[in-house]
Amino acid sequence: MEQLLIQYKQILSDYISNRKEQNLYIGQNYIRQLIQKNVAPEDVINIHRKAIEEIYTQLPDTLTHAYDFLIEVMVQFGLQFREHQSLLVQQEELRIEMDIAANIQNILLKTEMPELESIDIGMVSEPIRKMNGDYVYFLYDEQNYLSVAVADVVGKGVPAALCMSMVKNGLETMKYANHNPSYVLEVLNNIIEKSVDDSMFVSSFYGRYDIEHGVFTYGSAGHEPALYFSAKNESYYDLNSKGLLLGVMPEVKYPQFTIQFEENDFIMIVTDGVTELKNYDVIESRNLLKKIAFPLRHLSAQKMCEKVYSELQKLQDYNLNDDFTIVILKK
Amino acid sequence: MNNILEVNINTEWDIITARQIARETSKSIGFDTVDQARIVVAISEIAKNIFMYAKAGLITIERLESAEEKGISITAIDNGPGILDIKSVFDESNSKGLGAGLPGVKRLMDSLEIQSELGGGTIVRIEKWLR
């Protein structure tokens, strides 16, 4: 410490008499030694105080007291500063873990899209944060049935994503695409009700398409009604259904309904990220969606989804405020 | 001069009393102003821990003197909730807010020891030697 003081005093008095950039640069290089010798901030102030006392022998007592005060403050500040730094490090570690978790989740919840001759499928699902709270699942038995589930967890981020894994596992236990929507929703509800936190709910639309007969059967668990477009009538119909959100209570029954699918008809299944737009209420949002999709009806289902997404993004100044999912099935 | 001094910690003002005694003791032992500040901040932290987490406790301040060395020892005893995982107190990358500044206190002093049981209170002993 004595050696450091001698050097510091020299550098300081050189600066006081010359005030040149060079003096400051030498001061900067001096810091390296402080770091090497693990000198604490309060020690640096003490070195400065001693150097000043040696350069100016007639310092008033009050100035010495002021230095004492600064040293005291610095000890406490150093303590809290390091604590704060270690919290920042922790935060960074958490962020990295979160990124990894999000990647794993995205791989786990990747939607496999089947390709069929008889029906055209399109989908866009964009998360607002790293993890998607919406999930789309298709099941095609390579024969006569194609099923589709669109689910939305009430909530966001990690808890929502974990809950979604549960939904996926539930859907995968179904194995066959020919199950009734009311049965599938009932099973999903029981799984989620039993195994997920009481504050977690999932809305889901479930549809099954009978390829041979062109019959679409659907049910809903508190989900946004899907939109059915009849090409013959050139008009939209809401696929209304009554059913409680998944996970609220056990043993819930879900009704199911059917529609006859004709050539060029399509169904749009969306999550509330699509219909709860800023500056629009739900009815206005749904009308907007219908209006945007109408002139696109001759495009492929995938193109339609992409166009709708980009149109709505533009309308919302590229600042959508929820996970956004749209699925289109088109004959 | 008495070699052991005691302060009961019940109110925030008692923290100041503890600081005062630590300052006078460390000064009379011969610590310089920087080390005095370190010792005082250390006692202040452990007294504040008692006040915040255990509500009440006792701090003793002791002069250490052997043939070769002189130093100060401060012991804080409380009947508070105790610390379940003492290791986590020192693991700064994993501080759960439990340690409440103890890693920092350890750096200010030469040694820090903890004895604690969940529900059985905590004893923290810190020492610093004059160089």
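Helical runs assigned H by DSSP (4 residues or longer) give chain A a calculated mean residue ellipticity at 222 nm of -16000 deg cm²/dmol, each run adding -39500 (n - 2.57) before division by the residue total.
Estimated from the Cβ-Cβ distance and a Förster radius of 60 angstrom, the FRET efficiency linking A:LEU87 and A:LYS232 is about 0.40. Checking the cross-link pairs A:LYS130/A:LYS331; A:LYS50/B:LYS27; A:LYS242/A:LYS303; A:LYS130/A:LYS307 against a 26 Å limit on the alpha carbon distance flags A:LYS130/A:LYS331; A:LYS242/A:LYS303 as lying beyond it.
The label-point distance for B:ASP110 and A:LYS110, in a model that sets each label 7 Å from Cα toward Cβ, rounds to 6.1 nm. Per residue of peptide A:64-76, the mean number of Cβ atoms on other chains within 10 Å of the residue Cβ is 4. Taking a straight Cα-Cα cut-off under 14 Å and skipping sequence neighbours fewer than 8 places away in the same chain, the aspartates and glutamates within cross-link reach of A:LYS175 are A:ASP141, A:GLU142.
Fewest-first ordering of A:SER125, A:SER17 by other beta carbons within 10 Å of each residue's beta carbon gives A:SER17, A:SER125. Straight-line cross-link partners of B:LYS87 among the lysines, defined as a Cα under 20 Å from its Cα and at least 8 positions apart when in the same chain: B:LYS96, B:LYS106. Which translational diffusion coefficient, to the nearest whole µm²/s, is obtained for the protein assembly as shown from the Stokes-Einstein equation, given a Kirkwood hydrodynamic radius over C-alpha pairs, 10 °C and 1.306 mPa s? The calculation lands on 56 µm²/s.
Checking every one of the trypsin sites (Lys or Arg not before Pro) in the range A:1-105 against DSSP loop status and a limit of 10 other Cβ atoms within 10 Å picks out A:ARG19. Each other residue within a Cβ distance under 12 Å of A:ILE328 adds +1 if Lys or Arg and -1 if Asp or Glu, for a net charge of +2. Each 10 Å bin, from zero up to the one with the longest distance, holds this percent of the alpha carbon pairs of the range B:20-92: 18, 42, 30, 10. Placing R0 at 51 angstrom, the Cβ-Cβ distance between A:THR258 and A:TYR318 gives a FRET efficiency of 0.85 after rounding to 0.05. Spatially, the range B:1-47 and the range A:124-169 are offset by 61 Å when compared through their Cα centroids.
For the pair A:HIS65 and A:GLN7, the difference between a 0.36 nm per residue extended length and the Cα-Cα distance amounts to 18.5 nm. Put a dot 7 Å past the Cα of A:LYS291, heading toward its Cβ, do the same for A:GLN28, and the two dots end up 6.1 nm apart.
In angstrom, the C-alpha Rg and Dmax of the range A:227-302 are 14.8, 43. For the range B:4-130, the alpha carbon positions stretch 37, 30, 23 Å along the principal axes, listed from largest to smallest. In chain A, the longest principal axis of the Cα atoms and the axis of helix A:301-315 are about 50 degrees apart. Annotation for the range A:209-235 versus the range A:251-266: alpha-carbon center distance of 5 Å.
Scan the range A:233-299 for GluC sites (Glu not before Pro) in coil per DSSP, keeping those whose Cβ has at most 12 other Cβ atoms within 10 Å, and list them by number.
A:GLU234, A:GLU251, A:GLU262, A:GLU263
The angle between the Cα long axis of helix B:33-49 and the main principal axis of chain B comes to about 30°, on a 0 to 90 degree scale. A straight chain from A:LYS20 to A:ASN190 at 0.36 nm per residue would run longer than the Cα-Cα distance by 53.4 nm. Assuming 0.890 mPa s and 25 °C, estimate D for the range A:6-128 with Stokes-Einstein, Rh taken as the Kirkwood radius over Cα pairs, in µm²/s. Here the translational diffusion coefficient equals 121 µm²/s.
Scaling against 2.2 N^0.38 Å puts the C-alpha radius of gyration of the range A:172-234 at 1.35. Using 0.36 nm per residue and subtracting the Cα-Cα separation, the extra length available between A:THR173 and A:GLU53 on full extension is 35.1 nm.
For the range A:112-330, the equivalent ellipsoid derived from the alpha-carbon gyration tensor has semi-axes of 25, 22, 15 Å in decreasing order.
Rule-based calculations on the coordinates, nothing more; no lab input. Because the structure is predicted, anything quoted here is derived from the model rather than measured. Cβ sites come from the backbone with ideal geometry, for glycine too, and all protein chains shown count toward neighbours.
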